[in-house]
Amino acid sequence: MPLAQFEHRLRVTPEKPGVYLMKDARNEVLYVGKASVLRNRLRSYFGSPSGQPPKIRRMMSRMTDFEFIVTDTEAEALILENTLIKRYKPHFNARLKDDKTYPYLKIDLTEEFPRVYITRQVANDGARYFGPFATASSVRKTMDLVKKLFPYRSCTKTITGRDPRPCLEYYIHRCVAPCSGLATQEEYAQVIQQVIMFMEGNTEAVTRELKKKMEAAAEELEFERAAALRDQIRGIDQVAEEQQVKVESNPGGDMDFIALAQGTSETWVEIFFIRRGKLIGRDHFFMEGTQDDSPEVIMGQFVRQFYQTALVIPPVVYIQNPLEDQELVRNWLREQRTGAVRLVCPRRGQQKKLMDVVAENAVQGLAQHRIKWLNNSDVLHQAMSELEEELSLPALPLRMECYDISHVQGSNLVGSMVVFQDGRPKTSHYRRFQIKSVEGVDDYASMQEMLRRRFKRLAEARSEREKTSAEAGPETGPDTSAWGIEPDLVIIDGGKGHLSAALEVLLELGLDDIPLSALAKENEWLFVPHTSEPIELPRNSQGLYLVQRIRDEAHRFAITYHRNLRSKSSLKSTIDTVTGIGPKRKRMLLRRFGSIQGIKDAPVDDIAAVPGLTRSLAIRLKQTL
């Protein structure tokens, strides 16, 4: 978007803190940001595109208008930014994946016999809330654990104390049966208080109180009740011991540990909740729209959006990455908590060890999430069906091949071919290509060389099959090698230019009936031959997620091969190019002169004196060096 179009508006934009909204031609909000000086921040978007991150360039290519809201302070702008991100869910903002309100665990203390249940609404009604939890399943797991340890009621009946007999839960020690008058209101309130203390991480106080009751029951010869209390204490101790093992020798105190693992377009955020030095819980959240964002930006957005609704903010929050506006966020957290809050990025000691554990859990969580997705046959079939429809394919794309090029300024040019069969990686059919005929940086020519080498074999296999079929009849089996199987869809990592280069190769080889597409990373658009407009799949499309997964795998495979070649080439030196000097003579020279520079500075006669070298070889070596 040219600066001239907005020059006058920018000139009259106030030099005050506030929030700005970038909009597209349909008046939809693309991005929400805050600024300490609105005029300066907005003007920065209209500079040279070469100096902007890819994500901002994509956003500005769609932006047609902007508006702003002035605030009194930058702290107010931060709060308003969070609110607007939740309201509009802008595509280019990193945001918590919250299609609905996060669940909480609620204990309504205004009831005579409080229950423990799940809610998505938090109100100032005298109840105790714990959360938020990432999913309903995670809060149910916590609820199941608490129910096993503490005998509170799970029924919804009105408690009168006059029921003729209690339900089954009483007999399996899962309820103290206030409905039948077997527990008074005060005794039931003690059970609920134990639940609250457990959720707060104060397990020592809970077990201390239960031990007193157990000893009193034993003295009164109520051995069955004493045994039930003993089992309850053991269960609480076991949970506490498991938590302590996870935290290891972490010093006591209340704190949260937050780490993240970044994927293509979403990020897995892992958070450990430490209370009184023990791990009382952990959870994970997804951040959407994080493509091309730095870990610092993602971490900052998560901290602000998560703690805006969190009911408990500990005095110390350990973060894996420092925040861009850390001091501002720290002051905001202090206001939210009405007490001091420290944001710490640990570098050493027990806190760093625990942060490494949280980070590893984030990495493994994201990996498991991808594997679960790939193992879900229904989702994969849905994804392939979407691609069949959106790309107008002749059949379901059961076999998809993706190609990518990797290099650093034209050096060690390599290509990768990855294969997905039925939506899953088929690693035995992966292939790597070392580009041989291209000099310098030419992605199109490199892509063509790779595709020509791959599809020339397919053309030959197709021709051989037709010839064999004509001679032997229809019973001839197909070629099942990686080269001989025809793909249902070929995906090129690139845009229109890469698509045209690939199409040229297929036409040249007479394989124009093979479906072809290109995935442009800039906007995650799909291009197909003979269609000028891109195919823009919905951001929540399973088909888009599948092609992104294939593209990322091709990129990873190419990068790995490129790094291997680069590391091998970096081990070579000028001396390796001299004919007649092999590894043995090289070792002797280095042992004699210490380094390549030492050989370079040595006289020819000294070099020739090394066993196995001649004067002519020494002269040739000096000339080469």
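Throughout, read-outs are computed from the coordinates displayed, never taken from laboratory work. The shown structure was predicted, so the numbers you read here are calculated from the model rather than taken from an experiment. Positions of Cβ are generated from backbone atoms using ideal geometry, with glycine treated the same way; all protein chains shown enter the neighbour counts.
Check whether at least one residue in segment 514-530 is assigned to a helix (DSSP H, G or I), charged (D, E, K, R) and more than 20 Å from residue 394 (Cβ to Cβ), and report yes or no. Among the residues of segment 514-530, not one is assigned to a helix (DSSP H, G or I), charged (D, E, K, R) and more than 20 Å from residue 394 (Cβ to Cβ), which makes the answer no.
The rows are residues; the columns are (1) over 27 Å from the mean Cα position of the chain (by Cα); (2) buried (at least 21 other Cβ atoms within 10 Å of the Cβ).
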residue: 34; (1), (2): no, yes
residue: 69; (1), (2): yes, no
residue: 84; (1), (2): no, no
residue: 108; (1), (2): yes, no
residue: 117; (1), (2): yes, no
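Does at least one position in segment 328-339 carry a residue that is touching an Asp or Glu at 6+ places or on another chain (Cβ under 9 Å) and not in a loop (DSSP other than H, G, I, E, B)?
Looking for residues that are touching an Asp or Glu at 6+ places or on another chain (Cβ under 9 Å) and not in a loop (DSSP other than H, G, I, E, B), one finds at least one in segment 328-339, hence yes.
Scanning segment 22-38 for residues that are among the hydrophobic types (A, V, I, L, M, F, W, C), touching a residue at least 12 places away in the same chain (Cβ under 8 Å) and part of a helix (DSSP H, G or I) turns up at least one hit.
Restricted to strands (runs of 3 or more DSSP E) entirely inside segment 365-461, those with at least 2 residues that are surrounded by 19 or more Cβ atoms within 10 Å (Cβ to Cβ) are 399-408, 411-421. Scanning segment 82-124 for residues being closer than 17 Å to residue 192 by Cα and among the hydroxyl-bearing types (Ser, Thr, Tyr) gives a total of 3.
Checking 277, 289, 300 one by one, the residue that is without any contact (Cβ under 8 Å) to a residue 40 or more places away in the chain and buried (at least 22 other Cβ atoms within 10 Å of the Cβ) is 300 and no other.
Here residue 307 clears all of (1) crowded, with 16+ Cβ neighbours inside 10 Å; (2) touching a residue at least 40 places away in the same chain (Cβ under 8 Å) except the condition numbered (2).
Please go through segment 87-106 and pick out each residue that is within 20 Å of the chain's Cα centre (by Cα) and of a type in the set (D, E, K, R). 89, 95, 97, 98, 99, listed by residue number.
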